[in-house]
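Worksheet: one structure, shown below.
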Amino acid sequence: MKKLISILLVCVMCLPLFACGGNTTYYKLGDTVSTDIFEFTLDAAQFTIALSNINDETRFAPKAYDPKYDADNPYVAAVGHTFAAFTYTVTNLNRASSEFHKGSFATVKYNGKNYNTLEEGAYYRYEDAMVMDANGSLRTEKAGQWYNNPGSNFLLLTGEKITRRAYIDISTDIKDLTEDVQITVKIPRSNGTTATFTYIVTAADR
């Protein structure tokens, strides 16, 4: 009888652990999530060794590594490293200009370790926009084009929508680049906090 009671007690103690583990919601590639001020969609995500360094629609997109043609490409992962490259779209739903991030908002989990050093290299405009160059002069960036060097922070005007390409450096030489990518993003709320969403991108989703 005592043995039965002990077993029952162990089962009761384990119940909260199972309950907590069942509360995580995972999103798929292409799913859109939102807070009261931002709408976010993960458009693409995969592991890669190299990114395109050409100033066209392929800018900062994953590419097959070629030792010859990538000899001067600055966007090649070092030996023992792999890039987790991803593309995302954000829309500002706020009634004022709002900052989406100040340098990093995403974390990639691989083999139990978290990586969040973010580098962004290209962005796509959906509407014409006036931007100021480093020398103080104004110029117009046309809609429907990819541009490079988006900067470390991300400020959107009211109603503005932008797509960006980025990568996170993983300090592991991943042999199978088709492995699942688990990426967690933190999306700002109007009260100063963030909402957390986790995506799992499989080879079948790409």
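The values are calculated or read from the model by the stated rules, or taken from the named source; none is laboratory data. Given the structure is predicted, the values throughout are model-derived calculations rather than measurements. Cβ: placed from backbone, ideal geometry, glycine included. Neighbour counts: every protein chain shown. Keep in mind that these areas ignore ligands, DNA and RNA; they rest on the heavy atoms of the full protein, side chains included. Shrake-Rupley method; radii C 1.70, N 1.55, O 1.52, S 1.80 Å.
Here are a few things to note about the model shown:
- Failed item in (1) free of Cβ contacts under 8 Å to residues at least 40 places away in the same chain; (2) touching a strand residue (DSSP E or B) at 6+ places or on another chain (Cβ under 9 Å), with Thr193 passing the rest: (2)
- Residue count for segment 177-192 satisfying the condition of being closer than 17 Å to Ser98 by Cα and open to solvent by 60 Å² or more (accessible area, probe 1.4 Å): 5.
- Scanning segment 87-138 for residues that are free of Cβ contacts under 8 Å to residues at least 40 places away in the same chain and either of a type in the set (A, V, I, L, M) or closer than 25 Å to Asn53 by Cα (or both) yields a count of 13.
- Unique residue being closer than 24 Å to Ala204 by Cβ and touching a residue at least 40 places away in the same chain (Cβ under 8 Å) when the list is Thr41, Thr32: Thr41
- Taking segment 165-206 as the range and being β-branched (Val, Ile, Thr), part of a loop (DSSP other than H, G, I, E, B) and closer than 20 Å to Pro62 by Cα as the test, the residues that pass are Thr172, Ile174, Thr178, Thr202.
- In segment 125-173, residue modelled with the highest pLDDT [restricted to those that are within 15 Å of the chain's Cα centre (by Cα) and aromatic (Phe, Trp, Tyr)]: Tyr167
- Residues that are open to solvent by 90 Å² or more (accessible area, probe 1.4 Å) and under 24 Å from Tyr75 (Cβ atoms), drawn from segment 129-154: Ala134, Asn149
- Search result, residues across segment 113-128 that are exposed (fewer than 13 other Cβ atoms within 10 Å of the Cβ) and among the polar types (S, T, N, Q): Asn114
- For segment 62-112, the candidate set comprises residues that are hydroxyl-bearing (Ser, Thr, Tyr) and more than 20 Å from the chain's Cα centre (by Cα); within that set, the residue that is least open to solvent (accessible area, probe 1.4 Å) is Ser97.
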